[in-house]
Structures are given as structure tokens and as C-alpha cells.
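The values are calculated or read from the model by the stated rules, or taken from the named source; none is laboratory data. Just so it is clear, the structure is predicted and the values come from calculations on it, not from any experiment. Using ideal geometry, Cβ is built from the backbone for each residue, glycine included, and neighbour counts are taken over all protein chains shown. Keep in mind that these areas ignore ligands, DNA and RNA; they rest on the heavy atoms of the full protein, side chains included. Shrake-Rupley method; radii C 1.70, N 1.55, O 1.52, S 1.80 Å.
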Amino acid sequence: MSTARTDLEALTAALRAAIGADRVISDRQQLRTYECDGLAQYKVVPALVALPADAAQCASVVRACVAADTPFVARGSGTGLSGGALPHADGVLIVTSQMREILEVAPSDERAVVQPGVINLAVTRAAAPYGWYYAPDPSSQQICSIGGNVAENSGGAHCLKYGFTTNHVIGVELVTPDGDRVHLGGRAPDAPGYDLLGAFVGSEGTLGIATEVTVRLTRLPESVRTLLAAFESTDQAGAATSAIIAAGVVPAAVEMMDTLAISAAEEAVHCGYPAGAGAVLIVELDGPEPEVEAQFDQVVRLCRDNRAFEIRIAADDAERALFWKGRKSAFAAVGRISPDYIVQDGVIPRTALPAVLRRIGELSAERGIRVANVFHAGDGNLHPLVLFDAAVDGQTERAEEVSGAILDLCVSHGGSITGEHGVGMDKAKYMPRMFTDDDLDTMQLLRCAFDPAGLANPGKVFPTPRLCGEIPGRRKGVHPAQEAGLAEAF
Ligand SMILES: Cc1cc2nc3c(=O)[nH]c(=O)nc-3n(C[C@H](O)[C@H](O)[C@H](O)COP(=O)(O)OP(=O)(O)OC[C@H]3O[C@@H](n4cnc5c(N)ncnc54)[C@H](O)[C@@H]3O)c2cc1C
């Protein structure tokens, strides 16, 4: 699967003929712009970048790659935090940033149809005049693309009540890894047969490239109320979170920040959170006014019962925005208190929060590595920020050890190695901590069904070259599921 110099020239010419010379980048300096995604510690300069304008051009690019036996990687806005859009050195990076048209907003049908490069927040902006919005809201929603959201099954603060991307995507047109254009799902709520749309959402660019996405719109809530509660410890804030959910209240969001994350946010955006807090919770309720009013009083009481020492209730949109500003700036803000940091992403059952946070604190103290916690407490999706200074001998290694130990901790508490940022390049090595070889081989069977030649985003998600997913050509050897008579090869 290597693109020799002469092949590269031929491929460049083929791509230019297919989509226009100005849509193909081959200059080394310009290619560097695309050498990494949001996880900047991995860098690979792609052989070529293609910027298709529409689905037909995207299919032409993929077909040219197939003809040249060249790998390709899809990229939206490049904000991914697991190295999913990391280019292949011998491959073509297919960037959807020129596919940013909102094709349809149909509130009467609760639907919008968009091209994959459309920015998440743009969907909400287009639907807002009709009284609707797009619910999944990653903190990166001002810059990340819907195609990237689909590929990562992205979450966000409000996914506690509204669900992840997968709950809001009802149809996708994609270019398969052999260059065909196909539809999965559609405008109707359910399609017969296997849920291939479900398999595609979260497939991280390994099953094809989304070229058109039909999303479900949600009615803007009649009422939204937000509070900020300060506690002495994350234990207390965790207990308050569990009490709220146990009471049958489903807030739109419950977000937690610990003392280190608070001080970083304070320094960066002066959000004015209560002084001396060991943890803050942001709790937001939305829905019909009478329901929100009644439940909001209940939430305030539950926070007090769990020893919140200060509760602030947002008086207006400006104050609500200030509460959120601290939370939404937190990832970037830790850059002010540490030269380097790892954004970890794991998920645990919510009830394990106090035990897991305590153990993270111990790991941090044992290894002399600071960890700031900022996360979606309502659904147990942790984002420990592991701080280090790469210039100090041994700190990088210790930070990586702490980071890996946190994932082990998540798995041992019945959780997962990623809550929403995906596996990508970064976490492929951790997959065997959750899955057996047979599990991984079975996943590869699905991947092979879409991509027998292994050209779509190779080297991502799966830990080692196994079966056909990572090796060009058809799978070698008999799959264990076949051997056991559980699956047939055609
Ligand atoms: C500050 C910050 C905050 C963030 N907060 C959140 C958060 O709250 N929740 C969350 O879930 N994530 C969050 N993220 C991570 C990231 O924004 C999401 O994963 C997002 O969905 C990536 O979108 P993108 O367009 O940047 O995709 P990219 O980074 O370009 O690509 C991500 C993956 O999608 C694949 N891909 C891209 N486009 C397509 C396509 N059209 N078809 C098929 N595959 C495709 C790529 O190959 C890659 O594997 C955050 C990132 C940052 C930098």
C-alpha cells in the first residue's frame, strides 16, 4: 500500500482531472497545515489533500484512491482529540471543509439535511428562527463538523437528557471505501434490516465518508434554568449528582469541575466561581415551565442536602452564559497552568464517581503528576486533564502512565476507554483492555464487509494489524466466528 513517487504524480493528475486542480494540494508546506488534528502530539504529513465540493467529487476522489491502491483519511474540522483524522503518510486526506451547505431545514418534519462539513452550531443557527435546534452540543460546537460528529458519535453537555449524536442522525449518504454512493437510513424513523446506520455512526472514518447527513431537530425548550453549586469536595458534588438522578429528575446537563480546573478557568476567563470551592456543579434543567420550576426547587434542595455551601441561580441569559463560559473554556484554560497536558476521556457508571475520583487523586499524588477534572458528571463521562511538562525529564512518561491507569480504572469499574472522543490513533492500544481478540476479530468482520481492501483510515481504532482491516487484500486465514460456524464468508 505504498504510493511511490511516480504513482503519486499519476494520482495527483487523476485527482486534478476529477475535481479540479485548485481542489488538490500537493505542496509540502501547504500539506503541513493538515499534519495533525486536535491531538497535536501525533503528526504525519499526508501525501496529498483533496477538497471535494460535493458527494460526486468525494466519490471520484475515493475511486481514484482505490485505483491507485492508496489509503485515504476523512477530515472535517480537525478538532478530534484521539488522532482519528491523523493523515496517512502515503495517503490522501479528504477534507470536507468545502462541503458546508445546509441543504434543507424542515421543522414540520423535525429534520435538517446538511453536507458533512457544516459546523455543528450552524445547524442550530439555521433552525432557531423556526423555534428548533440541533441538540448534541460538543464543547467544540463552534468549530467541529457534523461529519466529524457522526464519525465520533460525539457527545456534549446536554447529551445527558437528549442522547448522543447517534440519537439524532436518521440518515446518511456515504461514499463507501470502494467509491460507491449509498444511503443508510432516511427520513422515516426506522428502516428494516440490520442497523447499518447505527454501525456507521461512531465508525471513525473506517467504513466510508459521510457526504450528506439527515439530522433530527429538537424543539427549543419553553424554559431553561441553570444553577451553579459550590461544594468542598468532589465527593459531595458526586453525591449531589447521584441524588438528583435518583430523585427521578433528568437535567439537561450536570457538569462538574474540580478545584484545579476551576482555578485554570478562573485565570483564563474570569468566570467568578465561588472562592474556595473544591468542586462546582453546573446543573441545567429545561422543558415546560411548570415542570422546570418544580424540579429546579427540588435540585436546589438536593444540592443543599449534599452540603453545597453556595448556590447561585442564573438570573438571566448573561449570567447563564458566564456559568458555562468557565466550563466550556476549561480544556484550553489548563494550557495556562501547565505547558503540556493530556485530555483523557473515559466513562464510568455514575455511582462509581466518588471512588474513581478519589483514586485519580491518589494516582496523581503517587506519581507527582497534577490532574484537573472537568466532566459530564450526569452521565459519568470523565475528562481528567493530566498535566505535565515535557521539558522535565520523565514527566511525559509518568503522565502517560497516569493517563493509562485512569483508563484501567474506568474499565475496572465497568466503564469504557472512551466516552465521546473516540479511539482513533491514540487509544487503539487500549482496545485489548476492553475486548478479547475474538471481539476485535468480530469487529473486523464488519469493517471488512465495508472495506475489504483496508484503505479507509487504516491504523485507527484497531490495535494491531489483524485480518483484512489493516492488510491490503482479502482477509487471510479463517475467522474464529467462521471456524465456530457462526458466520459465513462469501
Ligand atoms: C476544545 C475542544 C472541546 C471538545 N469537546 C468535545 C465534547 O464536548 N464532546 C465531544 O464528543 N467531543 C469534543 N471534542 C472533540 C471533537 O471536537 C469531536 O470529536 C468532533 O466531533 C470532531 O469533529 P471534526 O469535524 O473536527 O472531525 P475531525 O477531527 O476532522 O475527524 C474526526 C474523525 O471523524 C472522521 N471524519 C471526519 N469527517 C468525516 C466524514 N465526513 N465521514 C466519515 N468520517 C469522517 C475522521 O476520519 C476522524 O476519524 C472537543 C474538541 C476540542 C478541541
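Taking one equal scatterer on every alpha-carbon of the chain, how large is log10 of I(q)/I(0) by Debye at q = 0.06, 0.14 1/Å?
Rounded to two decimals, the profile gives -0.28, -1.42.
Could you compute the longest span of the chain free of GluC sites (Glu not before Pro) located in DSSP loops and having at most 13 other Cβ atoms within 10 Å, not counting the site residues?
Segment 223-487 is the longest.
Rounded to the nearest 10 Å², what accessible area does K43 show when all protein chains are kept and the probe is 1.4 Å?
Here the residue's solvent-accessible area equals roughly 120 Å².
On the full set of protein chains, 1.4 Å probe, figure out the accessible area of H413 and give it in Å² to the nearest 10.
70
Along its three principal axes, how long is the stretch 228-387 when you only count alpha carbons? Whole Å, largest extent first please.
48, 32, 24
For Y34, Y273, Y130, write out the residues from largest to smallest accessible area, computed with a 1.4 angstrom probe and no ligands counted.
Largest to smallest exposure gives the sequence Y130, Y34, Y273.
Which value, in Å² rounded to 10, gives the accessible area of W132 with a 1.4 Å probe and all protein chains present?
Accessible area of W132: about 30 Å².
So what is Rg over Rh here for the stretch 338-422, counting just Cα atoms and using Kirkwood for Rh?
Across the stretch 338-422, the Cα-based Rg/Rh ratio is 0.96.
Could you work out what % of the accessible surface of the chain is carbon and sulfur, using a 1.4 angstrom probe and leaving DNA, RNA and ligands out of the count?
Summing carbon and sulfur atoms, their accessible area is 52 percent of the total for the chain.
As a test of the formula, what do you get for the chain when each DSSP H run with n ≥ 4 contributes -39,500 (n - 2.57) and the sum is divided by the residue count, at 222 nm and rounded to the nearest 500 deg cm²/dmol?
-10000 deg cm²/dmol
Using the heavy atoms of the protein chains alone and a 1.4 angstrom probe, what is the accessible area of the stretch 338-422 per residue in square angstrom?
35
Is the stretch 72-131 rounded, prolate or oblate when judged by the Cα gyration tensor, a ≥ b ≥ c being the square roots of its eigenvalues, rounded requiring a/c under 1.5 and prolate requiring a/b larger than b/c? Before the final figure, lay out each step's value.
Working: a/c = 3.72, a/b = 2.63, b/c = 1.42.
It is prolate, given that a/c is not under 1.5 and a/b is the larger ratio.
Alpha carbon centre of the stretch 438-455 versus the stretch 225-303: separation in Å?
42
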